[in-house]
Amino acid sequence: MSDIATSLNGASFEGITRVEEMRAQGMITLRGDFADPAFVSAVTGLVEADMPGQRQVSTGAERSILWMSPDELMVLCTYAEAPILEAKLRDALADQHALVANVSDARACFELVGGDLREVLAKLAPVDMSPEAFAVGDLRRTRLAQVAGAFWLSSEDKAQIVCFRSVGEYMFNLLKTAAQPGSSVGFI
Amino acid sequence: MLILECPYCGVKAEETELTAGGEAHLKRYGPGSSDDEFEGYLFTRENPMGVHFERWRHSNGCGKWFHAARSTTTLEVFGTYSAQTTEPPQEIKDKISARHPGWSWRDQS
Ligand SMILES: [Zn+2]
C-alpha cells in the first residue's frame, strides 16, 4: 500500500512539549438525534465505545467517540478502517435522519506529548487549562489563534488537536511557536 | 470582554469564540407583505442603550446559534437561551425586571 500523504507528512518539533503531526488518523463525522435509542445503539454498537457525555471523549478498546455538539459526534479509528466503518454506520443509520462522513483526509491531527502541554494550549486558546477546569477526557472545540480546532487530553502527558487540513501548516507553526524552548510561563 | 454561556454545549465562551448575528426575534416579511413591513424587516433595528436581545453563534465551538439578553451599556448578561423560540423566556425577562424595573424592548417588557 502506498503511503498516506498527510498535511505535513508527520513533521515533529521538540520544545517545552513535543509537537507531532499524527500520521493518518481515521475520523468519521456523525450527526443524528442523541435522544433516539436507535441512533445511540447503532453508533455505540458498531464503534464499541459508550456514548460520550457533553464535551467528553469516550474511549473504547480500539476506537473513541468525541462529543462535538448536541447532534454531532466524531469517531476515531484507524485510517484503514474508516471507510469500512463508515459504510457500516451508513447502513445502520439508513432509516434515520442522520449523516455519516469519512473526514479522515479533510482534517489534520497533532499530538502534544509531555512537558508543558497545558501551557502550550493555554497560550493559543481562550480556555482555562488548569487541571481543575480541564481534565483528562474533556474535549473543547474552540479557536487556536486564528483557526478553529478541537482538542482533548488522552492522558496528563498527551493532548490531541484536530483542525481542518487546509490550516494544518498554520497549526503546526502555531504549536511550534507556543512550544519554543525556554518559553514556559510556569503559570499552570 | 463579553462572555456568553452557550446553551447548547455549556461553554462559557468569550467573545472571540462567537460571531454576532444581529438583533433577535425578527419576524420575516417576504412576498405578499406590504412595503412598510418589508422595509422594517430588512432595515429597521433597535439600537438601545440598555436592555437588548441578540442572536449569537458559537462559531469557534459547537457551531450552534443561540439568543442572548444583555445590557449594551453595562455588558451585564441576563442570560442566554435556545434559538428555537420566537420570544425571550419568562425566566430571562424576570431577571431583567429585577435589575431594570420598567424596562421595555420592542413589544417585550
Ligand atoms: Zn456551543
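The values are calculated or read from the model by the stated rules, or taken from the named source; none is laboratory data. Bear in mind the structure is a predicted one, so any value in this text is a computation, not a measurement. Here the Cβ positions follow ideal geometry from the backbone for every residue, glycine too, while neighbour counts run over all protein chains shown. Protein only, heavy atoms only, side chains kept; ligands, DNA and RNA dropped before computing areas. Shrake-Rupley method; radii C 1.70, N 1.55, O 1.52, S 1.80 Å.
Some observations on this one:
- Per DSSP, loop GluC sites (Glu not before Pro) in region A:1-98 with at most 13 further Cβ within 10 Å: A:Glu48, A:Glu62
- Partner chain coverage, peptide B:58-64 - average Cβ within 10 angstrom: 6
- Think of it this way: in the protein assembly as shown, A:Cys77, A:Cys109, A:Cys163, B:Cys6 stand alone, with no other Cys Cβ under 4.7 Å.
- Estimated [θ] at 222 nm from DSSP helical runs (n ≥ 4, -39500 (n - 2.57)) normalised by residues in the protein assembly as shown, nearest 500: -6000 deg cm²/dmol
- In order through region A:16-23: 3J(HN,Hα) via Karplus (6.51 cos²θ - 1.76 cosθ + 1.60), integer Hz, x for Gly, Pro: 6, 8, 8, 10, 9, 6, 7, 7
- For the protein assembly as shown, with all protein chains in place and a probe radius of 1.4 Å, 49% of the accessible heavy-atom surface sits on carbon or sulfur.
- Furthest towards positive pole of dipole, B:Gly30, B:His52, B:Thr80, structure part region B:3-99, Cβ charges: B:Thr80
- Around the amide H of B:Ala83, modelled in the peptide plane, lie the amide H atoms of B:His67, all under 5 Å away and 5 or more residues distant in sequence or on another chain.
- If R0 is 41 Å, the Cβ-Cβ spacing of A:Ile4 and B:Glu46 corresponds to a FRET efficiency of close to 0.15.
- For chymotrypsin sites (Phe, Trp or Tyr not before Pro), the sites in region A:84-188 that DSSP calls loop and that have at most 15 other Cβ atoms within 10 Å are A:Phe187.
- Here A:Lys176 is the anchor, and the aspartates and glutamates within straight C-alpha reach of less than 16 Å, apart from those fewer than 8 places off in the same chain, are A:Glu14, A:Glu20, A:Glu21, A:Glu111, A:Asp116, A:Glu119.
- For region A:28-45, 3J(HN,Hα) computed residue by residue from phi via the Karplus equation (6.51, -1.76, 1.60; θ = phi - 60°) reads 10, 8, 10, 10, x, 9, 5, 7, 8, x, 5, 5, 4, 5, 5, 5, 5, x Hz, glycine and proline entered as x.
- Shielding of A:117-126 by partner chains, average beta-carbon count, 10 Å: 1
- Sparsely packed trypsin sites (Lys or Arg not before Pro) within region B:1-41, loop by DSSP, other Cβ within 10 Å at most 14: B:Lys27, B:Arg28
- Between region B:30-97 and region A:132-165, the C-alpha centres lie 31 angstrom from each other.
- Set A:Lys88/A:Lys158; A:Lys158/B:Lys64; B:Lys12/B:Lys64; B:Lys27/B:Lys64; A:Lys123/B:Lys64 screened for pairs whose C-alpha atoms are more than 22 Å apart: A:Lys88/A:Lys158; A:Lys158/B:Lys64; A:Lys123/B:Lys64
- Heavy-atom accessible surface that B and A bury in contact, both chains counted, 1.4 Å, Å² to 100: 1000
- Per residue, chain B exposes 57 Å² of accessible surface when a 1.4 Å probe is rolled over the protein heavy atoms with every protein chain present.
- A:Met68 long-range amide H proximity, modeled H, under 5 Å: A:Leu73, A:Met74
- Per residue Cα convex hull volume in Å³ - calculated over region A:25-105: 76
- Estimated FRET transfer efficiency when R0 is 35 angstrom, pair B:Thr74-B:Phe38 (beta carbons, to 0.05): 0.50
- Charge tally around B:Lys12: other residues with Cβ under 10 Å, Lys/Arg +1 each, Asp/Glu -1 each, net -4.
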